[in-house]
Amino acid sequence: MAKNKTRRKLDAPKTGGGWKHPLAIVLLLAGIAWVVGTVFATTDNDFPGVGEIPGLFDLGKWNYAIAAVLGFLAMTVADRTRPEPPPGGPQKVGNRWAGPAMIASAVIGLVWIVVFYVINGTDTDIPVYSDLGQWNIVIGMGFIMAAFGFAMKWE
């Protein structure tokens, strides 16, 4: 009897696949870093403490395509390395936390953007928040996009 229990533990699927695969994580982070670098390279802003990055200026708008390809490769690696579910095993249904997380993330994003537009033309100064400038829109949209991600986990 104990022999069967040991055998099942050895036959368990490995957990290093999907988005836990190191190559998928590296490709995704590289894509995000490339987009951030492109935004700084194509605007009047320079990297704080670094200055201009000459290679990014030469590629122009192709930088966005490179970042998209890196993101696509990350998704492909994550999809192809996802472990197979055990046959006949219980099918995992959505997560209980996904619904409240989706609502909270969407509301935070909406409030973030509304507060930015309300205080934009006034003398009101919120520490750190006011210093971010137009990046507040990006942060608010990030929360809203995260809400869509939580929606995919919710059933």
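The values are calculated or read from the model by the stated rules, or taken from the named source; none is laboratory data. Note that the structure is a prediction, hence the values are computed from the model and not measured. Methodologically, a virtual Cβ is constructed for each residue, glycine included, from the backbone with ideal geometry; neighbour enumeration extends over all protein chains shown.
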Pull up the range 101-125, narrow it to residues that are surrounded by 12 or more Cβ atoms within 10 Å (Cβ to Cβ) and of a type in the set (S, T, N, Q), then point me to the one that is nearest to Val39 (Cα to Cα). Asn120
Restricting the range 124-155 to residues that are among the charged types (D, E, K, R) and closer than 13 Å to Met102 by Cα, the residue that is modelled with the highest pLDDT: Lys153
Picked from the range 56-99 (must be over 18 Å from the mean Cα position of the chain (by Cα), modelled with pLDDT of 70 or more and part of a helix (DSSP H, G or I)), the residue nearest to Ala147 (Cα to Cα) is Gly99
Could you give me the residue pairs with C-beta distances under 9 Å whose first residue belongs to the range 66-83 and is within 11 Å of Ile25 (Cα to Cα), whose second residue is of a type outside the set (Phe, Trp, Tyr) and outside any helix (DSSP H, G or I) wherever it lies, and which are 6+ apart or on separate chains? Val77/His21; Ala78/Gly17; Ala78/His21
Enumeration of residues in the range 17-32 that are of a type outside the set (A, V, I, L, M, F, W, C), closer than 23 Å to Ala65 by Cα and surrounded by 14 or more Cβ atoms within 10 Å (Cβ to Cβ): Gly31
Going by what's in this entry, would Val128 be described as under 27 Å from Val36 (Cβ atoms) and either touching a residue at least 60 places away in the same chain (Cβ under 8 Å) or not in a loop (DSSP other than H, G, I, E, B) (or both)? no
